[in-house]
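Take a look at the structure set out below.
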Amino acid sequence: MNKLFTNKFERSLAKITLKLQQLLFYKIAQKTLFMIFPFVLIGSFLKIIQAVILSKEGFIGTLLPDFEDNWLVNSIIGVTNNLSNLTLGFVSVLAAFGAAKYTAKHFKRDDQLAGLTSMVALLIISYIYSKAQPLSFHNNLLSIRGTLFAILLGMFVGWIFKQTSPEIPHKHLPNFTSNILQRTFISLRSILIVILIAALFSALVNVAYYSHLPDEFMDSLATNYQSNNSGIEFLKISGIALYTIIMSFLGWSGPYSPLDIEKSDPNILDNLYYALNHHTAWGAPHDLTSNSLYHAFATFGGAGSTLALIIAIFLVSRDPDFQTVAKWTMIPSVFNINSGIMTGIPVMFNIVFLIPFIMAPLISMLIAATALSLHLMPPCVYPIPSGTPGPLIAFIGTNGSWQALIFTLIDIVVSVYIYIPFVKIAEKLKKIDNLAIEEGDIDGQ
Amino acid sequence: MANKRNFKYLVFLALFLVLLGIPSYLWNKNSVKTMAGRYNSPMSPIIMIPGSSASANRFDDLVKTINSKYGEHHSLLKLTVHTNDKITYSGTIKAGDTRPFIVVGFQNNNDGYDNIKKQARWFSIAFDQLKQRYRFNNFNAFGHSNGGLIWTYYLEHYFDSNTFDVNQMLTVGSPYNFEEKNSNNRTQMLNDFIKHRDKLPADLAYYSIAGTKLYTDDGIVPLGSVDSGKYIFEGIIKHYTLITLTGDKAQHSDMIANSQFIILFHQYMIGNNKNNPAQTPSKNPR
């Protein structure tokens, strides 16, 4: 290992990572993310069609003519909605399956049934008790934003299987039916226990409400609390940005969404009126807003500036896996849909990438804030269609300011350079990891 | 060397961004130009005028009912215009509320054509202040009883439909011919309204509700008087609809507590508007 990592910082980061990789949670989370990756990838391409091309507020949708009552277009919208909801919007259910399956396998319990039970449990928990619409679910818990919850639930289900059912025997019974029946009765108790706990949980706890309580709080902080002191305003915006970035690292959600740009913040409205009255964004009353900092300069490719990671991979990586993932997730990332790279590398829960994932956006914001305070570029004041490519947001949001475009390029270069050393570390670690798997540490299924 | 092979992806990425950048830059230049012509505020308030002898607090219960019945959170701002043209405010519009209720009441809230002219002028003062303050470019109008007459007078004499849109108007028991049952006996006010009707905004959709008891009136305003509105609006604005409400709570003053009315109110004032976010597909999953 000392041969691979020459400098001290790399070595300690590698040590921490290797320690973490020993944790069951870490192994299971990584395998689960790999398992859901294909669905996330397909879903993110569909999301481009749905939110960027066909939506009237989408980046490309605004360029297209109005097709309000076109039967064909409406059918396409319907089908893409369906597919994107049941891929990207459904991955947590798949993650719950995977996490429970891998956990049960680790404990040598029935992994198929544990996985299925965990899927059902997640659906029970996110069920909406409504007379008007039977069989509807809180979609936040089922989408990519519920990944952490789903993995924890899956591991819990696997653990219940370990506690309440015996190991599955290795000897197979002669015929298929009795084989299945034997498996069923071995696991039946665990299945019942899980379903009962899930039902109780869903009846007593409003999961969707509590899981979004911190977001609601941050949201109202973001829109209601305004300060005239630009230093405090910068701290507030970077604080909320930091929260958003960490939450998306953990497969949760945050108040700043990469696809929707705020319209209700009074400072942002103030800026817009100023710009519309004076026909320029220069001199707008509020230099630092979430639009002019976070959305314009810290979301190249979505939360964590993951487009910079993709560019870094193209520049320095020799790992074929990384390159394949980067190629495939490049297009969705252009439109700020980063779920693909989050699960494919994976970036989510990956401690190696935590530092650049936070630092790249924050340093970009710092550079932008400095430039804005020195009036080297105008703030981003005009409304931007959703899914506008990250590197174009500042340019379009200032109605074509070259200064903003130059600072965007500077920020991208800086972000890429922040990512590069970590891509190298991750690659080296992957070599060690691959060796470990070959030695049969955990059987890769 | 992996770097060289990947170079083409970087070039592709850069070209792709430039390719996307140029048309959207041109489009945005255009949209900023049109936006500069008129404010593109997401706010589309519902502006309400109470009837004679009622204050700006007249619709408190109505707003409460709407908010609780439909699970919505509209804020309520109340203005009172005093006889010396001064305006007092009470209540606030919450940040981010795109469909707030704004009630404009008058210190002098007496009946009669002369007072309606005065109230319309007072309303125009309040309206100018509101648009200065909240920068909206479109709104829905609601008037109860004489409130509808003030709206009509205002639209004919003060309103500039080139820079502003009134999307929908809803009135309840607005007596366009005062207490006159027979529409052949036209009052001075009705004649004036008809004379100036060309100034009404051509894209307005107007829903007029009349309550009736025993087929003829709502206890105060005769059906014929509400129905006279057709001589003003029909053929001039986009849609003119007369709705007759009967049954429990169909009397002149009770009507805004009538459950049928609440449904109509929600449908025309809140539910069906071009700025209504409910019409766009849900933004989840993000």
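The values are calculated or read from the model by the stated rules, or taken from the named source; none is laboratory data. Here the structure is a predicted model, which is why all the values come from computation and not from measurement. Reconstructed Cβ throughout: ideal geometry from the backbone, glycine too, with neighbour counts over all protein chains shown. In case anyone asks, the SASA skips ligands and DNA or RNA and just uses the protein heavy atoms, side chains included. Shrake-Rupley method; radii C 1.70, N 1.55, O 1.52, S 1.80 Å.
General observations
- Residues that are without any contact (Cβ under 8 Å) to a residue 40 or more places away in the chain and loosely packed, with under 15 Cβ neighbours inside 10 Å, drawn from the stretch B:255-267: B:SER259, B:ILE263, B:GLN267
- Here A:LEU276 meets the list (1) open to solvent by less than 10 Å² (accessible area, probe 1.4 Å); (2) part of a loop (DSSP other than H, G, I, E, B) almost entirely, failing just condition (2).
- Residue check, B:THR88 touching a strand residue (DSSP E or B) at 6+ places or on another chain (Cβ under 9 Å), surrounded by fewer than 21 Cβ atoms within 10 Å (Cβ to Cβ), hydroxyl-bearing (Ser, Thr, Tyr) and free of Cβ contacts under 8 Å to residues at least 60 places away in the same chain: yes
- Residue satisfying condition, being modelled with pLDDT under 85, within 13 Å of another protein chain (Cβ to nearest Cβ) and open to solvent by 30 Å² or more (accessible area, probe 1.4 Å), within set A:SER264, A:SER253: A:SER264
- The residues of the stretch A:304-323 that are within 9 Å of another protein chain (Cβ to nearest Cβ) and in contact (Cβ under 8 Å) with a residue 12 or more places away in the chain, listed by number, are A:LEU307, A:ILE310, A:ILE311, A:ILE313, A:PHE314, A:LEU315, A:VAL316, A:SER317, A:ARG318, A:ASP319.
- A:SER373 away from every other protein chain (no Cβ under 14 Å) and either surrounded by fewer than 21 Cβ atoms within 10 Å (Cβ to Cβ) or modelled with pLDDT under 90 (or both): yes
- In the stretch A:126-179, the qualifying residues are those that are in a helix (DSSP H, G or I) and among the basic types (Lys, Arg), and the one that is modelled with the highest pLDDT is A:LYS162.
- In the stretch A:1-60, the residue that is surrounded by the fewest Cβ atoms within 10 Å (Cβ to Cβ) out of those that are in a loop (DSSP other than H, G, I, E, B) and in contact (Cβ under 8 Å) with a residue 40 or more places away in the chain is A:MET1.
- Some residue of the stretch B:10-24 being in contact with a Leu (Cβ under 8 Å, 6 or more places away or on another chain), open to solvent by 40 Å² or more (accessible area, probe 1.4 Å) and at pLDDT 80 or above: yes
- Residue in the stretch A:94-103 that is open to solvent by 40 Å² or more (accessible area, probe 1.4 Å), without any contact (Cβ under 8 Å) to a residue 40 or more places away in the chain and not acidic (Asp, Glu) present: no
- Given (1) at pLDDT 85 or above; (2) within 14 Å of another protein chain (Cβ to nearest Cβ); (3) open to solvent by 50 Å² or more (accessible area, probe 1.4 Å), number of the condition B:LYS64 does not satisfy: (2)
- Residue in the stretch A:26-47 that is farther than 15 Å from A:ILE337 by Cα and among the aromatic types (Phe, Trp, Tyr) present: yes
- A:ALA326 passes every criterion in (1) within 9 Å of chain B (Cβ to nearest Cβ); (2) open to solvent by 10 Å² or more (accessible area, probe 1.4 Å) apart from (2).
- The single condition among (1) within 30 Å of A:PHE25 (Cα to Cα); (2) part of a helix (DSSP H, G or I); (3) touching a residue at least 24 places away in the same chain (Cβ under 8 Å) that A:PHE349 does not meet is (2).
- Total residues in the stretch A:104-125 satisfying the condition of being open to solvent by less than 70 Å² (accessible area, probe 1.4 Å) and part of a loop (DSSP other than H, G, I, E, B): the figure is 3.
- Top-ranked residue in the stretch A:395-404 [being touching a Pro at 6+ places or on another chain (Cβ under 9 Å) and more than 9 Å from chain B (Cβ to nearest Cβ); ranked as farthest from B:LEU10 (Cα to Cα)]: A:THR398
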